[in-house]
1. Rounded to the nearest whole Å², what accessible area per residue is found for the chain with the 1.4 Å probe?
2. Can you list residues whose amide H is under 5 Å from Gly203's amide H, if they're 5+ apart or on another chain and H is modeled 1.01 Å from N?
3. Scan around Met334 for amide H atoms under 5 Å from its own, H built in the peptide plane at 1.01 Å from N, and keep only partners 5 or more places away or cross-chain.
4. Using θ = phi - 60° and the Karplus relation 6.51 cos²θ - 1.76 cosθ + 1.60, list the HN-Hα couplings for the range 218-224 in order, rounded to whole Hz, with x at every Gly or Pro.
5. Using θ = phi - 60° and the Karplus form 6.51 cos²θ - 1.76 cosθ + 1.60, what ³J(HN,Hα) does each residue of the range 278-287 get, whole Hz, x for Gly and Pro?
6. Give the long-range amide H neighbours of Leu399: residues separated by 5 or more places, or on another chain, with amide H under 5 Å away, using H modelled in the peptide plane at 1.01 Å from N.
7. From the Cα gyration tensor of the range 23-101, with a ≥ b ≥ c the square roots of its eigenvalues, which class applies: rounded if a/c is under 1.5, or else prolate if a/b is larger than b/c, or else oblate?
8. Could you work out the relative contact order of the chain? I mean the mean sequence separation of Cα pairs under 8 Å and 6+ apart, divided by the number of residues, in percent.
Amino acid sequence: MTTCRRGIFVKLLLNALVFVTGTAAAGPSVFEHVNVVPMTTGTVLRDYTVVTDGDHIVAVGKASDVSIPPNALRIAAEGKYLVPGLHDMHAHFFGGKDGAECILRLHALNGVTTILNMRGTSGALEMRGQVARGERIGPTIFTTSPILGNADPNPKTYEKGVEAVEEFHAQGYDFIKVYNQIPAEGYRGVVETAHRLGMPVIGHAVRAVGIEGAIASGQHVAHMEEFIYGYFGEDLNEAAIAPLATRLKDAGICVVATLITYHNIIRQVEDIQKMLASPGIEYLPQALVKNWFPEMNTYLRGFNQQDVDSRLRPAFEFQRKLTKRFRAAGVPIMTGTDCTIPIVVPGYALHDELAELVDAGLTPYQAIEAATAAPAKFLGVFDNVGSIEQGKRADLILLEDNPLENIRNTQHRAGVMVRGRWFDKDEVRRLLEELKPTATSS
């Protein structure tokens, strides 16, 4: 059950994630004398030992109290900081087969160990199963249905809405994704059927019903910017934020912020060459990034500096205010990036999103919570991921410095652990470098 809406049940696949073909479990590993950021409390647990075996955490305690298993892999962790694996709650797969392989690896090797794919396809369902069986590199995958109301399918009647959701439920999608252009009756058919079948609905502010319709139906919101399009309009009335936040909290609505998505549009218009030097682009296949360059970049075609100054920047600053005040009111905020739109690099962008949340006024702890405990609760898997506790899955990131002092310390990683398999920074670098031949030959 989620904490975001009563009566919603998320049907889960507890995916097995490995980085080699096959499903053999990792042996015991030990983070000894490490500082733990458990995400069950805002304090750091100093000089602890964390033991993993197979794909789970088997011990968390004071270093002096925890026994080290014989033949365990001892990870150099003294003085470093251990945090749970992160969630990207708005991800996409583009760029064909090479792009999918690359995207999955970029997420996991950057410590993003769970993603919500927001554009369902049969290929996404297949990848979800392949990753679960250990046949492909990647994070645990949840996936929405194909997008309803973008182009096709667009259920224009109540009956078509019912039919679409029943079909997607039968195909095994986890969520229903709604977009802008669904008519009101089609939307009603979608949300009523989704609730009947236990499928949460997430997406844009459908223009026919707006944010009011989303609140009434219990639909979760996939971008902070949608509150501008579906509620505030050009007014950007700050006095209306507080009552809206209360209504969202009372209705159990969760919001994926995606601040990095909007901010990067502004940055591209202002300095496209600087953005094209963003870390991680060198690993992506040309089939994916060719549309990011000036001659084909949709943002450069659609906006200029005057647009940035008059519209985009004021709207972005307002989204920051929404983020801070929604969170203060108790609205669950979750991290998402909308990767791989231009120029949002899988894995890397999630750490940028953490920094965006802090720049918006959240504390570093609140930002990390938006990437760990909050999405785990939303997905209904907080008993298995989202914090560092005995019995939970060994999805972990080892950091050189304290992220609660500076959120950008999440970018200084000593290594990542995914389902008990440890990859130090040298191994991470090697696995990333393997992507480059794919990137240059596509």
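1. 38 Å²
2. For Gly203, whose amide H was placed from the backbone, the distant partners under 5 Å are Val178, His220, Val221, Ala222.
3. Val255, Val256, Ala257
4. x, 6, 7, 10, 8, 8, 5
5. Coupling constants for the range 278-287: 4, x, x, 4, 5, 8, 8, x, 4, 4 Hz.
6. Those lying under 5 Å, H to H, from Leu399 are Tyr81, Leu82, Val83, Ala414.
7. On the way: a/c = 2.92, a/b = 1.63, b/c = 1.79.
Because a/c hits 1.5 or more and a/b fails to exceed b/c, the range 23-101 counts as oblate.
8. Relative contact order, the chain: 22 percent.
The values are calculated or read from the model by the stated rules, or taken from the named source; none is laboratory data. What you are looking at is a predicted structure, and each value in this text was computed from that prediction instead of being measured. Surface accessibility is based on the protein's heavy atoms, side chains included, excluding ligands, DNA and RNA. Shrake-Rupley method; radii C 1.70, N 1.55, O 1.52, S 1.80 Å.
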